[in-house]
Amino acid sequence: MPDSAAPATGEPRREQLLNAADRAVQQFGPGASMNAIAAEAGITKPILYRHFGDRHGLIRALTERHTSGLLAAIRAALAEPLERRDLVEKVLDTYLAGIESRPQIYRLLTHPEPGDPSGIGSALAPALQQIADEITKAVQGQVDLGADRELLAETWGRAISGMVLAAGDWWLEQRPCSRARMVQALADLLWGRLAAAANLPVPLTTNHGTEQT
């Protein structure tokens, strides 16, 4: 059966419904009902169930979309050709800007609903693990930490992601300062050993594009 009242936007139907769910969560919070989401989409609830199975399926699809977007933004920030301090601040700002832009979605990702048996409220955990992995790889590839490089890079990758999660959660709820000031405060905390370490040498390449040591 075709969906009724399908907007003629050329956008895939699933994306239209996820956009509506996004707007409903932003308006009503993480507990937005299927009725509210269907009303925002201009459809009936059975259409949502047909596309996503149940509310948990819809919320999982929505959180996968946002965690993928956050991870992509962090990867892009880490890849920018910036001086080390500027790069640290860029990554921190990218994360905080991401959660600030959609605070209700962030709450959906990090704070499970009471009695939620699906664990949907911990949807950000896999993305944080991947962010930690990306930070670890960046430190291993760019910073000379001597013989303990692998251990320190792994430790810092996980510690930084955990620190930013906790600090970002507090900052978003309390708003004690601007985002720029929060970025500076977190970067100051991280900066000690990072500032002291030298850069790893950049591998030379031949005319054929192969690396030389």
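The values are calculated or read from the model by the stated rules, or taken from the named source; none is laboratory data. Here the structure is a predicted model, which means the values were calculated and not measured. Glycine gets a Cβ as well: all are built from the backbone with ideal geometry, and neighbour counts include every protein chain shown. These area figures cover heavy atoms from the full protein model, side chains too; ligands, DNA and RNA do not enter into them. Shrake-Rupley method; radii C 1.70, N 1.55, O 1.52, S 1.80 Å.
Matching residues to (1) surrounded by 17 or more Cβ atoms within 10 Å (Cβ to Cβ); (2) touching a Gly at 6+ places or on another chain (Cβ under 7 Å); (3) more than 22 Å from Leu82 (Cα to Cα):
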residue	(1), (2), (3)
Lys137	no, no, no
Gln140	yes, no, no
Cys177	no, no, yes
Leu186	yes, no, no
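From Ala61, Ala21, Ala39, which residue is farther than 23 Å from Gln174 by Cα, free of Cβ contacts under 8 Å to residues at least 60 places away in the same chain and open to solvent by 70 Å² or more (accessible area, probe 1.4 Å)? Of Ala61, Ala21, Ala39, the one residue that is farther than 23 Å from Gln174 by Cα, free of Cβ contacts under 8 Å to residues at least 60 places away in the same chain and open to solvent by 70 Å² or more (accessible area, probe 1.4 Å) is Ala39.
Restricting the first member to region 132-151 and to residues that are polar (S, T, N, Q), and the second to residues that are open to solvent by less than 80 Å² (accessible area, probe 1.4 Å) and outside any helix (DSSP H, G or I), the beta-carbon pairs closer than 8 Å and six or more apart or on different chains are Gln142/Leu200. The set of residues in region 152-162 that are touching a residue at least 24 places away in the same chain (Cβ under 8 Å) and among the β-branched types (Val, Ile, Thr) contains only Ile160.
The helices (runs of 4 or more DSSP H) falling completely within region 52-121 that include 2 or more residues that are of a type in the set (Gly, Ala, Ser) and at pLDDT 90 or above map to 55-78, 84-101. For region 71-97, name all the residues that are open to solvent by 30 Å² or more (accessible area, probe 1.4 Å), under 11 Å from the mean Cα position of the chain (by Cα) and not hydrophobic (A, V, I, L, M, F, W, C). Listed by number, the list holds a single entry, Arg75.
Across region 42-58, the number of residues qualifying as touching a helix residue (DSSP H, G or I) at 6+ places or on another chain (Cβ under 6 Å), open to solvent by 10 Å² or more (accessible area, probe 1.4 Å) and of a type in the set (A, V, I, L, M, F, W, C) comes to 1.
Among residues of region 155-213 being in a strand (DSSP E or B) and at pLDDT 75 or above, the one that is nearest to Ala127 (Cα to Cα) is Asn199.
Considering (1) part of a helix (DSSP H, G or I); (2) at pLDDT 85 or above, the lone condition that Ala32 does not fulfil carries the number (1). Among the residues of region 55-70, is there at least one that is over 14 Å from Leu18 (Cβ atoms), under 21 Å from the mean Cα position of the chain (by Cα) and not β-branched (Val, Ile, Thr)? Within region 55-70, one or more residues are over 14 Å from Leu18 (Cβ atoms), under 21 Å from the mean Cα position of the chain (by Cα) and not β-branched (Val, Ile, Thr).
Annotation note: Cβ proximity below 6 Å between a residue of region 168-179 that is closer than 16 Å to Glu89 by Cα and a residue that is assigned to a loop (DSSP other than H, G, I, E, B) and modelled with pLDDT of 95 or more (sequence gap 6+ or interchain) occurs for no pair.
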